[in-house]
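Working notes, beginning with the structure itself.
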Amino acid sequence: MKKEARYLVPGDYMADPAVHVFNGKLYIYPSHDRESGIPENDNGDHFDMCDYHVFSMESIDGEVMDHGVALQVKDIPWAGRQLWDCDCAYKNGKYYLYFPLKDQTDIFRIGVAISDKPEGPFIPQPDPIRGSYSIDPAVFEDENGSFYMYFGGLWGGQLQRYRNNKAQESAVLRQGSEPALPARIVRLSDDMLGFAEEPKALVILDEKGQPLTAGDNQRRFFEASWMHKYNGKYYFSYSTGDTHRLCYAVGDNPYGPFTYQGVILTPVVGWTTHHAICEFKGKWYLFHHDSVPSGGRTWLRSLKVCELEYNADGTIKTIDGGGE
Ligand code: FUB
């Protein structure tokens, strides 16, 4: 592919890609942005998405096939509102779509829906995953066949409501030199429908081995977890939210700790930044989004892909997002 990023779905607004290779093809699981008319606020109410489409590609420069509606809010028994970033995993002949959605009390939970095909349609389970909370599930299969979910997001993603996996009476955002609120990691149960353990904190350390602090908003975790493995190392990547970067940290196992390494993507046009990293036919790609085609409307985002390159020491070459 050419060096510039390519817009993948020019006729519609798609964001928050999760990407996997299934049956030799790339499958993309994005959020489906729409104009709801809800004013923009820090709670993210303007991200009022109500369905998912799945896309596939046989080559990185080729046609992007839209497989149509894969799951919609009105078919989810426990639904309140807002289908945010989802992800998909394959095990034993079934595809599992993991999605965050507010329940009828306006609390984000993570649900799972099942299909025989990577493109769906997906049939939702009657209830959200027991013990789940917050947003942005990313599911990673390790080489031993274990599946792990990384999740969490601050502000509208409600992660600040939880301590030790329990909801607090009032949400507290950490400040200054306090350790940053961490993303969570949990191993999935063998049937893929639940958590096999209590979710754990995912700690990101600085170059001195100290946890990143809440005040370090150029580097600390905010939302949009992704995990990939490169040369035997575990690369946890994420958005810094209010500083609009995609950053990464490297560890020796799925749980970490992870050591901060640097910036993958500088800010894009639009408030949010979100991504997936995937190897396909011997090259690595960064799937992400920006709000250029919508004229900067942050809730109407467009899906993009560009090549991602590593240096010889395993660090990732920073990509220019073209924003501020
Ligand atoms: O799409 C809604 C939210 O915006 C996602 O869950 C976040 O990661 C951010 O991209």
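Ranked by the mean number of other Cβ atoms within 10 Å per residue, highest first, peptides 294-301, 278-285 order as 294-301, 278-285. Multiply the residue separation of residue 43 and residue 210 by 0.36 nm, subtract the distance between their alpha-carbon atoms, and state the gained length in nm to one decimal. So the extension gain works out to 57.1 nm. For the chain, give the percent of accessible area contributed by carbon and sulfur heavy atoms, probe 1.4 Å, rounded to a whole number. C and S fraction of accessible area: 47 percent. Here the gap between residue 22 and residue 218, fully extended at 0.36 nm per residue and compared with their Cα-Cα distance, gives a gain of 67.1 nm. Just check region 8-158 against the gyration tensor rule for me: Cα atoms, a ≥ b ≥ c as the square roots of the eigenvalues, rounded for a/c under 1.5, and otherwise prolate or oblate depending on whether a/b exceeds b/c. Oblate is the answer for region 8-158, as a/c is 1.5 or above yet b/c matches or exceeds a/b.
Each residue of region 283-296 was assigned a 3J(HN,Hα) from its phi angle through the Karplus curve 6.51 cos²θ - 1.76 cosθ + 1.60 (θ = phi - 60°); the sequence is 10, 9, 10, 10, 9, 7, 8, 8, 10, 5, x, 8, x, x Hz, with glycine and proline shown as x. Between amide H atoms placed 1.01 Å from N, distances below 5 Å from residue 22 occur with 27, all of them 5 or more places distant or on a separate chain. Residues of region 90-127 with amide nitrogen under 14 Å from the 7 Å Cα-to-Cβ point of residue 36? Inside the label zone: 100-109. Between residue 255 and residue 313, the modelled label-to-label distance comes to 2.9 nm, taking each label 7 Å out from Cα in the direction of the beta carbon.
Does the chain classify as rounded, prolate or oblate by the C-alpha gyration tensor (a ≥ b ≥ c root eigenvalues; a/c under 1.5 gives rounded; else a/b over b/c gives prolate, otherwise oblate)? Rounded. Karplus-based coupling profile of region 62-76, in residue order and whole Hz: x, 4, 9, 8, 8, 8, x, 5, 9, 6, 9, 3, 5, 9, 9, with θ = phi - 60° in 6.51 cos²θ - 1.76 cosθ + 1.60 and x standing for Gly or Pro. With protein chains left intact and a 1.4 Å probe, residues in region 6-308 average 39 Å² of accessible area per residue. Full extension of the chain between residue 284 and residue 324 gives 11.8 nm of extra length, using 0.36 nm per residue less the Cα-Cα distance. Under 1.5 on a/c is rounded, so check that first for region 144-215, then, if it is not, pick prolate when a/b is larger than b/c and oblate when it is not; a ≥ b ≥ c are the square roots of the alpha carbon gyration tensor eigenvalues. Oblate, because a/c is 1.5 or more while a/b does not exceed b/c. Between residue 127 and residue 172, the FRET efficiency estimated from the beta carbon spacing at R0 = 25 angstrom works out to 0.35.
The values are calculated or read from the model by the stated rules, or taken from the named source; none is laboratory data. Remember, it's a predicted structure, so these values are computed and weren't measured experimentally. Neighbour counts run over all protein chains shown; Cβ positions are idealised from the backbone, glycine included. The accessibility values were calculated without ligands, DNA or RNA, using every heavy atom of the protein model including side chains. Shrake-Rupley method; radii C 1.70, N 1.55, O 1.52, S 1.80 Å.
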